[in-house]
Structures are given as C-alpha cells and as structure tokens.
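The values are calculated or read from the model by the stated rules, or taken from the named source; none is laboratory data. Not measured: the values here are computed from a predicted model. No Cβ is skipped: glycine too gets one built from the backbone with ideal geometry, and neighbour counts run over all protein chains shown. Ligands, DNA and RNA are excluded from the accessible area calculation, which covers all protein heavy atoms including side chains. Shrake-Rupley method; radii C 1.70, N 1.55, O 1.52, S 1.80 Å.
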Amino acid sequence: MAPEQHSRSRVMPANEYRRERWRNQMGWTREIHAGRLDDAAPDAPWDWRLSIAEIERDSEFSAFPGIDRDLVLLSGNGVRLRFDDGESHELHPPHDRLRFAGERKVTGELLDGPTHDFNLMWRRDRVRAALWHRPLVGPMVLFADPGTTWVAHLIAGQAQFADDSGLPPMSAGDTAFFEAGSERLRHVIDGGGELLVIRIEPVEGAR
C-alpha cells in the first residue's frame, strides 16, 4: 500500500469527540465527524455527519430538511420514536435501528431511563450512505473503492489493525475512517467485539 494512502486512514478516540447542543437546544450530542465531499471548502455545510445523541428526557428531535438519518441504539433500555403523522417505532436493546427522513417531525420518548444513540446523517442529493451492524470475531477485511469513505465505529470490545497501515488499536467507542484516493484501499481489522460499519459515496455528479 502506498504511503499516501496510509495518510487517508485514521483512528479517532472517543475522548476527542466534540460535545455540543442539539440544533433545537433540547439535548446534547457528541459529534464524531462532519464530512464534506469537497475538502477545499471547509466553510461549506457538511455532506454527512456522525454523532452520538444523549437522550436524557422525552424530547422533540431537530429538523433536518434534505437529510436522511440512521439512528442506532447504543446503550440504555430503549427509546420510542413517535412521528407527527402517527407512525411510531421502538428501539430496543441491544442495538435496534431506524432509518428516516430528517424533515419528519419526531419526538424521542424514553422507555426506561436515558439512552445513547448513534446518529448517521447524510445529504441525500449529495451522498449515498449504508450502515451495517457486524460482530467482530477475528480478522475482518475491508476494501474501500476509489472515491468512497468507510467508517468503523467500535461499539464494544477491542480491535487492532493486522496490516501495514500503522494505525493504532481501537477501544470501545473509538471510530476509524478509511478514505480511498485514486486506488483501492485495503485494511484488516482484527479483534473481538461489535462494529458499526458505514460506507459513504457521492451521488453521480455531486463532486
């Protein structure tokens, strides 16, 4: 693997996440990353974002027009997502999830105490996103094709990289980013635990 490709991959420890208020000021979130397709425009709105929402009381969620969302229960006894159109979904332990449009009005109702919830958001006219929950039992090979970004968020356990990337080991709560340049990128994650694996790619013509 070429050295310049190594520089496109990194591990962010959980203690570096930035804690901030929700857009509607009704709760707190820890922002992991706000990504842009054009790195040369740092002041432009993000195209995709990863965060961990801290839901401590029943709260209306912030509205995000033009954004799609994937919400995954990380910890706690569950939350009910009650939409204004009458639809309702409950996320139960260990890691139930729901995908929904960010413009829909929704209230999070706690089932039994506070929860932490992984939040993937992406601008649907700019980005395609996919999320999987996977066990980590021994080595897992991850390939990133040119122009794509992959993310691995370690829900539980420990992991290390069994390749020549030089990336540091991961503890529960850490997040790794793999950004492919002009050539395909390969990483081997080894360990034991659980991962959220995410693929981000631009829609045609978005760059």
**Item:** 1 or more residues open to solvent by 70 Å² or more (accessible area, probe 1.4 Å): qualifying strands (runs of 3 or more DSSP E) within region 44-125
**Value:** 79-83, 88-91, 97-101
**Asked** Among the residues of region 173-188, is there at least one that is in contact (Cβ under 8 Å) with a residue 12 or more places away in the chain, aromatic (Phe, Trp, Tyr), open to solvent by less than 20 Å² (accessible area, probe 1.4 Å) and within 19 Å of GLY35 (Cα to Cα)?
**Response** yes
**Asked** Going by the structure shown, is ARG123 farther than 26 Å from ARG19 by Cβ, within 15 Å of the chain's Cα centre (by Cα) and in contact (Cβ under 8 Å) with a residue 40 or more places away in the chain?
**Response** no
**Prompt:** Does GLY173 qualify as being on the phi > 0 side of the Ramachandran plot and either in contact with a helix residue (DSSP H, G or I) (Cβ under 9 Å, 6 or more places away or on another chain) or among the hydroxyl-bearing types (Ser, Thr, Tyr) (or both)?
**Reply:** yes
**Message:** Which pairs turn up if I take residues in region 55-77 that are closer than 10 Å to ARG104 by Cβ and look for partners that are aromatic (Phe, Trp, Tyr) and assigned to a loop (DSSP other than H, G, I, E, B) with beta carbon separation below 9 Å, at least 6 apart in sequence or on another chain?
**Reply:** PHE61/TRP22; ARG69/PHE61
**Item:** Candidate set from region 150-172 (those that are among the small types (Gly, Ala, Ser) and more than 21 Å from SER75 (Cα to Cα)); member that is surrounded by the most Cβ atoms within 10 Å (Cβ to Cβ)
**Value:** SER165
**Asked** If you check GLY147 against the conditions, is it touching a helix residue (DSSP H, G or I) at 6+ places or on another chain (Cβ under 7 Å) and open to solvent by 10 Å² or more (accessible area, probe 1.4 Å)?
**Response** no
**Asked** Taking ARG128 and the conditions (1) of a type in the set (D, E, K, R); (2) more than 24 Å from ILE67 (Cα to Cα); (3) touching a strand residue (DSSP E or B) at 6+ places or on another chain (Cβ under 6 Å), which numbered condition does it fall short on, given that it satisfies the others?
**Response** (2)
**Request:** Could you tell me whether ARG30 is more than 24 Å from ALA14 (Cβ to Cβ), in contact (Cβ under 8 Å) with a residue 24 or more places away in the chain, among the basic types (Lys, Arg) and surrounded by 14 or more Cβ atoms within 10 Å (Cβ to Cβ)?
**Result:** no
**Message:** Taking the conditions exactly as written (of a type outside the set (Lys, Arg) and either within 20 Å of VAL11 (Cα to Cα) or at pLDDT below 95 (or both)), does GLY108 satisfy them or not?
**Reply:** no
**Message:** Just the residues that are among the aliphatic types (A, V, I, L, M) and closer than 19 Å to ALA172 by Cβ, please, taken from region 126-150.
**Reply:** LEU131, LEU136, VAL137, MET140, LEU142
